[in-house]
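I have placed the structure first, in the form of structure tokens, so that the comments after it can refer back to it.
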Amino acid sequence: MENERAREKLIKWAVKSPLTYRLLRPVLDLLTRKNDNEPFKIWVRFLLDAMNNSYARKQPVVWMSAFTPSEIAYGMGYVPFMPEIIASVVTYLGKSKGPIALANAYASSDLCSFHRCALGLVMEDYLPKPDLIISSSYLCEGANKFFHYLASYYRCPHLMVDAPYRGGSAAKKYVADQLKELVDKSSRLLGLVPDMSVMSQALELSNKARAYIAEINRLRRSRPSPFPGSEGLSYLAGMVFYSLGSKWGVDFFKTLHLSLEQKVAKGEGYLPEEKYRLLWLHHIRPYYKNEIFKILEEKKAAVSFEETNYLYWPALEPSKPYESLADKIISNIWAGSLERRVHAIEEMVEEYDIDGVIHFSHWGCRQSCGGAAVVGDVLKQKGLPYIVLPGDGADPDNFSPGQTRTRLEALIEMLG
Amino acid sequence: MQDRLTFKEILQDLAKAQASGEGKPLVGWTCTYLPVEILEAAGLQPYRILPEPSSEKADGYLDPNMCPLVKTNLGKAITGGYSFLSGIIILNTCDGMRRLYDAWRFYCPSPFSFLLDVPKTVTSLSVSYFKERLKELATQVEKHFKVEITTDSLNQAIEEANLTRSLSRRLISLQGRGAPPVKHSELLDLLSLGSRTPRSVFNKALEKMVRVLEGEPAGVSNAYRLLLTGSSLDGSALVRLIEELGGEVTISDICPGTRFVDYVEPSADPLFSLSHAYLHKTACARMFDSESRISALKESLLKSKAQGVVYFSLKFCDPFLYEAPFLEEALRELDIPVLFLEGEYTGRVGGGVRTRVQAFLEMLEKNGK
Amino acid sequence: MGKRIYAGIDIGSLSSEAVILGENGILGYSVRNTGADPQRVAQECMEEALARANVAKEDVLSIVATGYGRIRVPFADREITEITCHAKGAHFLFPETRTVIDIGGQDSKVITLDERGAVTDFAMNDRCAAGTGRFLEVMATALETKLSELGQRSLEAKKGVPISSMCTVFAESEVISLIAEGKRREEIMRGLHEAISSRVYRMAKKLRVKKEITFTGGVAKNQGIVKVLEVLFKMPVNVPDEPQIVGALGAALYARSAGPRAR
């Protein structure tokens, strides 16, 4: 018993020590020297660097919700920390069950398991304390309230960008004004003077990454599919959320672009044999160990693209940070009305030559899953086989392997 | 005492008036952040969309983990239960309501549908932004229904609605008077009905009740005093159960019912007045700032001398479920016990809820509160 | 070797079935409880069906496995989901079938199919056992009656007692308290059947049900549910003589259409 407590204490100390991440880097570099997945290695290094900075606290640590433009944090010289992304990494490492169980004592088990996992980690004091929290009112109700609760837990200020339902000049002004207010308020709260040249630089870095993302997405139209959807839903999406506005982002997307260019030139697919091309809807997949992608591989079905990697925002204007980040926020296809998302999905079906569609239904999610039936009916009218795949992104106990297999196989059987 | 009407008769009269709608086109709406004055100024009859819990649930059209109120709304719409409406206005209250708006338009389009964007913050920026959205709503209504909305007609609608609001608050404060004494469950039923009845008819009924009740002495009640708060209720069954078991809801912050605006200032810019007042009303958990809702609740608790809190949330209602731990902490500081209940919009209270409410009241008794 | 014999095996959560199919139809079949060892029951089921069909194992040209345990049938040549198999089996028995309602031990499904018996869309309950065979088993125990008698007895009631929760755990305690309140058991049974049927009905409505409907799976043996479904859908519902073996039959049909396995 006492041993166990000592062990736990030691682990916590290691997790919270920036040194751990600095030491881990050469160790992992050595261990993965034979692994030629360069983009993945950059993701790992990026995460280690982010953790090092978050625990070292040399700059203010600002917690952010996914979909809040990370350019703001990099442009202000803050260290962004994204608990939702960290929860998915913790799930990937097979450690989500404990924190979720802990959080369930406080929060309904019908709420998003990524939030519950992060809450459990907060309660166990594993995470770097925030100096400030910045979130956005989209995509979901849950994130907004979750981050507000965390702010009260840590007794730190919380600023939110309220995104309008639809665009237009009043909407753009509303968001741009809020962003300006956010920059002013946050620098006052943290005692920093904002340097707008750093902000412009962050926007430029984000634009560079964006240009590679556009190319990556174009290359992913190739047959056979050069990049696995399961990874598109994990570290690729993670970098889109977390790294835009930093040099890491440019480096990652540039490297991924290069590797896909080579694969496409050689006609190399990620599956040994590709018979069907699928599109994955929803931003997440189950990150704990599961057989979804193995089953699909057995059936020669490639997940050729995921809606979460759809490039929805126009290039930013570095000289007009508030206006152009407002444009980015307003053009988010998952906020606002469903039409915009449906049109984008129809476009993806065309561009990626899709044979069938899987809409993952994450138990605690209302915003995406609430539209699953309408999206499905639009696609079915076009004769496209479509299934909703119920499951849970972070909670392995809320996942039925048997049912999942049946649904996936039935989809493939419908493809003929 | 020929003025004395039983509660039942008043409800029946209102129900009759509701069915007629005074011949005006009925426009459905979903959330208390809608300034209904805009519709009334346009000569339309606002009709709050509150599906009977017995209506079909739209399973299959929405994921199983969606709010049961949203599912019931959509189910009723798909089965033709709202075909009498000339239009619908849905607010972007929450994820559920946004998806309701999408599915409604896709599966059973209404002649007029509008989504009113409501900011989540209360700042000078959001007040002027919301005013723009109200202007957009007014313009769309004018165009579709071929009517004109003027400053005068808006101010007149505001004045009439102010009368409803002040009478409603007065009536709520008279709970416990009359013979038999007026109960909170009856007030909630009345306010629900009022949200779809022509204003003039409802105001008359309220005036009459207030007049009669104010003339009667307050009754003495030994019931346990409770504050009820939370998401949308599925009718008054839960409040009736509390009353049956020896409790009394003395004050509530709940939908549909008491979460309405108190007063709107008529002005030369009535849309601004509406935007300002509606954003500043008692907050729903969908708003960013939980603290203002909680401090308002604390104030009501002290004012009503409530001994306990019942916190009700529909299943899968993210705003209220995420806010639950906040509220529990705040109440712990005040040493007020809280009973958390979840519901599925069935309009019935099962045996489990009965046991929990009863045990909660027994606990209050033991605590000597 | 003039015999052209194929087999299908359906390993469900509660029961397992095997069907031996010749050129002119079913030669024999077997139904067993799945129990804790799906591999063994697959073996036993197969042997029993073969014995009843009077066919030697070596004469079976190919075997298709289906049902949730389909991946645990070592002697199968291929596995196909029960969704595709139920559609095929129902289409074979009632060629005009365009909708299949399959309520088994753990799942309920609604499947739409085309005139060839191929699946066009399907819906499936998720996660919980609400409204499935397992659910009825628990309720039968709470009502102190046999599962097989539930249907017939419910028909004696003129109306059903409304059941508010479809969660197996909550519904069980609700049933117990309804008995305590003195409600007639037949009316509670009918209420349960109405609740299950309307759940399936809502799932089916979304898929735009077309004529004819065939009801398969173990729960189709319950006359009470068949009756309520017919009222809800406003049309007659086909019920096979042995609704439990439709999945295994579909599997055998797929085995037959694919031809003999490569040796």
### Least to most buried among A:Tyr92, B:Tyr263 (fewest other Cβ within 10 Å first)
B:Tyr263, A:Tyr92
#### Entry: Alpha-carbon centroids, segment A:357-392 and segment C:169-234: separation in whole Å
27
### Query
What dipole magnitude, in Debye to the nearest 20, does the protein assembly as shown give about its Cα centre under +1 on Lys/Arg Cβ and -1 on Asp/Glu Cβ?
540
### Task
List the DSSP H helices in chain A whose Cα atoms stretch 18 Å or more along the helix axis and whose mean Kyte-Doolittle hydropathy is at least -0.5.
A:18-31, A:38-56, A:141-154, A:169-190, A:196-219, A:247-266, A:401-415
### Query
For segment A:150-185 and segment C:35-67, what is the separation of their Cα centres, given in Å?
65
### Summary
Under the Karplus relation with 6.51, -1.76 and 1.60 and θ = phi - 60°, whole-Hz ³J(HN,Hα) for segment A:382-395, x at Gly and Pro, equal 8, x, 9, x, 8, 10, 9, 10, x, x, 8, x, 10, 9
### Query
Quick one: which of C:79-89, B:66-76, A:299-309 comes out on top by average Cβ neighbours within 10 Å, and what's the full order, highest first?
C:79-89, B:66-76, A:299-309
### Summary
Counted neighbours (other Cβ, 10 Å), sorted fewest up, put A:Cys117, C:Cys167 in the order C:Cys167, A:Cys117
### Summary
Env charge @ A:Ile213, Cβ radius under 12 Å, K,R +1 / D,E -1, value +4
### Query
On a 0 to 90 degree scale, rounded to 10, what angle separates helix B:184-194 from the longest Cα axis of chain B?
10
### Query
How many Cβ atoms of partner chains, on average, are near each residue of A:102-113 if near means within 10 Å of its Cβ?
3
### Task
Mind pulling the angle between the C-alpha long axis of helix C:38-53 and the longest principal axis of chain C? Nearest 10 degrees, somewhere in 0 to 90.
70
### Task
Give the angle, between 0 and 90 degrees and rounded to the nearest 10, that separates the Cα long axis of helix B:351-366 from the longest principal axis of the Cα atoms of chain B.
50
### Query
Once the other residues with Cβ under 10 Å from the Cβ of C:Val175 are scored (Lys, Arg +1; Asp, Glu -1), what is the net sum?
0
### Task
Could you tell me which of rounded, prolate or oblate describes segment B:23-147, using a ≥ b ≥ c as the square roots of the eigenvalues of the alpha-carbon gyration tensor, with rounded for a/c under 1.5 and, failing that, prolate when a/b is larger than b/c and oblate otherwise?
oblate
### Query
By the gyration tensor of its Cα atoms, with a ≥ b ≥ c the square roots of the eigenvalues, what is the shape of segment A:15-99: rounded for a/c under 1.5, prolate for a/b over b/c, or oblate?
prolate
#### Entry: Nearest-20 debye value, segment C:1-115 charge dipole, Cβ charges on Lys, Arg, Asp, Glu
120
#### Entry: Computed over chain B: relative contact order in percent, which uses C-alpha pairs under 8 Å that are six or more apart
19
### Task
Largest first and in whole Å, give the semi-axes of chain C's equivalent ellipsoid, each being the square root of 5 times a Cα gyration tensor eigenvalue.
34, 20, 15
### Query
Based on the mean of other beta carbon atoms within 10 Å per residue, what is the order of C:154-165, B:315-326, most packed first?
B:315-326, C:154-165
### Task
For chain A, give the magnitude of the charge dipole about the Cα centre (Cβ charges: +1 Lys/Arg, -1 Asp/Glu; no others), in debye to the nearest 20.
840
#### Entry: chain B, helix-only ellipticity at 222 nm - DSSP H runs n ≥ 4, -39,500 (n - 2.57), divided by all residues, nearest 500
-16000 deg cm²/dmol
### Message
For C:Thr216, what residues show an amide H to amide H distance below 5 Å, using hydrogens built from the backbone and excluding near sequence neighbours?
### Response
C:Ile101, C:Asp102, C:Ile103
#### Entry: 10 Å Cβ neighbours from other chains, averaged over peptide B:315-321
6
### Query
Fewest first, what order do B:Thr79, C:Thr34 take by the number of other Cβ atoms within 10 Å?
B:Thr79, C:Thr34
### Task
Could you tell me whether chain A comes out rounded, prolate or oblate from its Cα gyration tensor? Rule is a ≥ b ≥ c as square roots of the eigenvalues, rounded for a/c under 1.5, then prolate if a/b exceeds b/c, otherwise oblate.
rounded
### Query
Which whole-number percent gives the relative contact order of segment B:23-147, counting Cα pairs below 8 Å spaced six or more residues apart?
24
### Task
Rank C:Val31, C:Pro240, C:Ala7 by how far each Cα sits towards the positive end of the charge dipole of the protein assembly as shown (+1 on Lys, Arg Cβ; -1 on Asp, Glu Cβ) and give me just the farthest.
C:Ala7
### Residue-by-residue Karplus 3J(HN,Hα) for segment B:29-35, coefficients 6.51, -1.76, 1.60, Hz, glycine and proline x
9, 10, 8, 5, 7, 8, x
### Summary
From the Cα centre of segment B:231-284 to that of segment B:168-201, the distance in Å is 12
#### Entry: Calculated FRET value between A:Leu31 and A:Asp184, using beta carbons and R₀ = 45 Å, to 0.05
0.50
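Just so you know, all these numbers are worked out from the coordinates, no wet-lab data involved. None of the values given here were measured: they were computed from a predicted structure. With ideal geometry, Cβ positions are generated from the backbone for all residues, glycine too; neighbour counts draw on all protein chains shown.
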